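A quick write-up on the structure given underneath.
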Amino acid sequence: MTPTPLEPWIAAKTGCSPLTRGGLACWQLHRLRETVRRVREHSPFYRGRLKDCGVPIGGLPDIARLPFTTADDLRAGAQRFLCVSQSEIQRVVTLPTSGTTGAPKRLYFTAADLESTLEFFAAGMSAFTGPGDRVLILLPGEAPDSAGNLLARALARIGAAGIIHGPVRDASQTLSFMKEKAVTGVVGMPVQVLGLARSSSGRAIAVNSAVLTSDYVPNSLCRAVEEAWGCRAYHHYGMTETGLGGGVDCAARQGYHLREADLYIEIVDPETGAPVPDGRTGEIVFTTLIRTGMPLIRYRTGDMARMLPEPCPCGTILRCMEHVRGRIGRGVALANGSRLGLPDLDEALFAVDGLLNYRAEAVCGPAVCRLRLHASAVPGSRAEQSAALREALHNALPLQAAFLDGSLVLEPVSYCAPQQLDTGLDKRILASISAAAG
Ligand SMILES: [Zn+2]
């Protein structure tokens, strides 16, 4: 197996050839110091935030003495983060708020920032895409420098064709489009790709690879896509804050390799904020190392993952981060002391044949939590499918005890059209409704 193509890219970028952990750490330290110096000088937000942190950064572990940046900080006014004049900003991304309060988040990128993302997309995609491949892009791509547009330009650099389609609105139409364009690969949000894979039964669709891009992808969903298409599915981890791209699977598919020349990634205890050793699960926190427009210092993602302590079978010296396990603090406390979280539901439910998407509501009283599922599925027997969903949930290990002791009860499954459900897995929350009595 050849090492992830991110390795030669990072080697060239950092000037460390051959790339070693020591050489990369040296470069990261140099970039970290430079980033801290720049934000202190140019960003009104960090000038205030870092006012009392006079500590010189002697080594990379000293980063733990710097304060965190949160999504709320961004919502409170992203312009205060800017280190360049507005005229140097090439793209502004506005993220709608997912909670009940707060302003939207804005992220600002210069041409150089976008070029880094483009380079990462080209290097990362080359792990499983090459000249002659035709990749369907199910991300918004109409606007210049949007995610889909950058990805298409990145694919052109490695000799592949990026076919921008945008998000799926009608699976049948998209499947016809795929056939007409003879696509060999697909990149999209997990639920959208699953919808195509599960709706393609009987159609001659033969893709080699599917890249599921999100900050969280259930393993059962990934397997379902592979089974439906007989392809390999890869995870990509990223969010607008990381510069769209963050990390991507290599051929070994054990976890993501990260943009280590662009981002310094830490895993911290979500309660104490202290760094945790490799192998322990915690919150992903990143610091941008080469971002020019709007650098971020120790940004808390809210995503849970761990660094794998053992080397990746692909043989790279780069770190390997296990696939994200979901978001911190999401879920509902049950009367028996356990928690009901979306990732547990996802793993159980997406394994059920024919399921396209679902929404879960937990109506919780003091003793009993009643779980309501609104599902969308491919045409077929609703009675059979609903029984399969019930069985999958009752057999799911993390939920078994709560079903047995009666603290969790599943209500009859209702069905709805796919358009009525949110397709972004990462931004969903388990809707929790308080009941007067359990
Ligand atoms: Zn690898």
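The values are calculated or read from the model by the stated rules, or taken from the named source; none is laboratory data. For clarity, every value in this text was computed on a predicted model and none was experimentally measured. Note: ideal-geometry Cβ built from the backbone for every residue, glycine included; neighbour counts use all protein chains shown. With ligands, DNA and RNA removed, areas are computed over all heavy atoms of the protein, side chains included. Shrake-Rupley method; radii C 1.70, N 1.55, O 1.52, S 1.80 Å.
Residues in segment 256-267 that are more than 8 Å from the ligand (Cβ to nearest atom) and of a type outside the set (Asp, Glu) were compared, and the one that is farthest from residue 318 (Cα to Cα) is 267.
Of all the listed residues (213, 184, 174), the sole one being in contact with a Lys or Arg (Cβ under 8 Å, 6 or more places away or on another chain) and of a type in the set (Val, Ile, Thr) is 184. Residues that are in contact (Cβ under 8 Å) with a residue 12 or more places away in the chain, within 16 Å of the ligand (Cβ to nearest atom) and either outside the structural domain of residue 302 (by TED's automatic domain parsing) or over 11 Å from the mean Cα position of the chain (by Cα) (or both) occur at least once in segment 204-218. Screening residue 406 with (1) over 22 Å from residue 194 (Cβ atoms); (2) touching a residue at least 60 places away in the same chain (Cβ under 8 Å); (3) part of a loop (DSSP other than H, G, I, E, B) gives one miss only, at (2). Taking segment 315-358 as the range and being within 16 Å of the ligand (Cβ to nearest atom) and surrounded by 21 or more Cβ atoms within 10 Å (Cβ to Cβ) as the test, the residues that pass are 316, 318, 320, 321. Of the residues making up segment 306-360, those that are under 16 Å from residue 370 (Cα atoms), in contact with a helix residue (DSSP H, G or I) (Cβ under 9 Å, 6 or more places away or on another chain) and among the aliphatic types (A, V, I, L, M) are 334, 335, 340, 342, 345, 360. When segment 151-188 is filtered for residues that are closer than 23 Å to residue 351 by Cβ, modelled with pLDDT under 95 and within 20 Å of the chain's Cα centre (by Cα), only 168 remains.
When residues in segment 9-47 are screened for being free of Cβ contacts under 8 Å to residues at least 40 places away in the same chain, open to solvent by 40 Å² or more (accessible area, probe 1.4 Å), within 26 Å of residue 81 (Cβ to Cβ) and not acidic (Asp, Glu), 6 of them pass.
The helices (runs of 4 or more DSSP H) found entirely in segment 133-232 that carry 1 or more residues being surrounded by fewer than 19 Cβ atoms within 10 Å (Cβ to Cβ) are 147-157, 171-181, 219-229.
Scanning segment 242-252 turns up one or more residues that are open to solvent by 10 Å² or more (accessible area, probe 1.4 Å), touching a helix residue (DSSP H, G or I) at 6+ places or on another chain (Cβ under 7 Å) and assigned to a loop (DSSP other than H, G, I, E, B). Looking across segment 276-311 at every residue that is within 16 Å of the ligand (Cβ to nearest atom) and open to solvent by less than 10 Å² (accessible area, probe 1.4 Å), the one that is farthest from residue 89 (Cα to Cα) is identified as 307.
All told, residue 62 falls short of being touching a residue at least 60 places away in the same chain (Cβ under 8 Å), open to solvent by 20 Å² or more (accessible area, probe 1.4 Å), within 28 Å of residue 257 (Cβ to Cβ) and among the acidic types (Asp, Glu).
Close Cβ contacts (under 6 Å, 6 or more residues apart or on different chains) running from residues in segment 75-96 that are more than 18 Å from residue 145 (Cβ to Cβ) and open to solvent by 60 Å² or more (accessible area, probe 1.4 Å) to residues that are at pLDDT 95 or above and not aliphatic (A, V, I, L, M) comprise 80/44; 80/45.
So, residue 6, is that one within 16 Å of the ligand (Cβ to nearest atom), closer than 30 Å to residue 142 by Cα and not basic (Lys, Arg) or not? Please lay out each step first, then the result.
Values: within 16 Å of the ligand (Cβ to nearest atom): yes; closer than 30 Å to residue 142 by Cα: yes; not basic (Lys, Arg): yes.
Yes, satisfied.
Inclusion of residue 420 among residues that are within 25 Å of residue 222 (Cβ to Cβ) and either assigned by TED's automatic domain parsing to the domain that holds residue 269 or surrounded by fewer than 18 Cβ atoms within 10 Å (Cβ to Cβ) (or both) is warranted.
Evaluating residue 85 against the criteria (1) modelled with pLDDT under 95; (2) farther than 15 Å from residue 296 by Cα; (3) of a type in the set (Gly, Ala, Ser) leaves one unmet condition, (1).
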